[in-house]
């Protein structure tokens, strides 16, 4: 659905009063009204500014628009609702225009006692013969629900029971199967569990958005896991074999080669978080930290001093 910035359409700021709104519409109407401008582009522009004025000149509609934004407003108001009760025909007469000649192509004019045709909104003709039908089919608003998940849950998948507040008051309980790999920002769509349509159309959808909780052992970047392990200085120099526990609880063996530097990262392929839509898993990266002793025994110092004599 196209976004409509009614303030930008009229060239005004959001905090202006009704007099400024009317003044802005008058200026644009003088420019684009069919009595002054010809062509399809001018007609479309005139309809656009008239719609913007119909919304912003009505305090309640303006409040709804400011609260829910363009998309939310258009989901709540059909084109018929937007123009219902508007004073467009009055303001056009005030400007000296006979509104019927323009609106006759997309609205039904009514003959006034004084002669001439007056504007009367008709969505069936103005919007392609489907105004009311389109409003009846309009989908309800989508709903987003942020769901905290642990690393273990997104690694293995889980089932969660959610309690969702409904417009009528009582909570709606929903059991949802969370797939593997639902890292932060990933969405799960549940069709028809959003807000009901205000016009009898289908309900909106529910989007569950994952938020991965901090973990005391692992950190996560995309689908890759990171963990730190300490080894002794001599193990870094001579090399060693260490055991690392994966996110799934499995013990993984990692060979640390001789001469490994402090904070080196070593990869264990395929032991990160599974990708949500297939394609394998991320990797597990082990950061090697060399444990530098703060104090040496007399024997350790003697041996290291002797080692230093060799040039190491």
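Brief remarks on what is shown
- Residue 252-residue 298 FRET efficiency (beta carbon distance; Förster radius 41 Å; 0.05 resolution): 0.60
- Residues listed by number, the range 219-234, amide nitrogen under 17 Å from residue 289 label point at 7 Å toward C-beta: 219-220, 226-234
- Calculated FRET efficiency, residue 237 to residue 156, Cβ-Cβ distance, R0 = 22 Å: about 0.05 to the nearest 0.05.
- Packing around the peptides 53-64, 150-161, taken as the average count of other Cβ atoms within 10 Å per residue, puts them in this order, highest first: 53-64, 150-161.
- Sequence ranges 173-179, 44-50, 189-195, ranked by mean other-Cβ count within 10 angstrom, highest first: 44-50, 189-195, 173-179
- Stokes-Einstein D for the range 219-308, Kirkwood Rh over Cα pairs, 25 °C, 0.890 mPa s (µm²/s): 166 µm²/s
- Value of Rg to Rh for the range 143-212 (Rh from inverse mean 1/r over Cα pairs, i.e. Kirkwood): 1.02
Any read-out appearing in this document is the output of simple, stated calculations on the displayed coordinates, not a laboratory observation. Treat the numbers as computed from the prediction; the structure is a model and nothing was measured. Cβ coordinates were reconstructed from backbone atoms using ideal geometry, including for glycine residues, and neighbour counts include every protein chain displayed.
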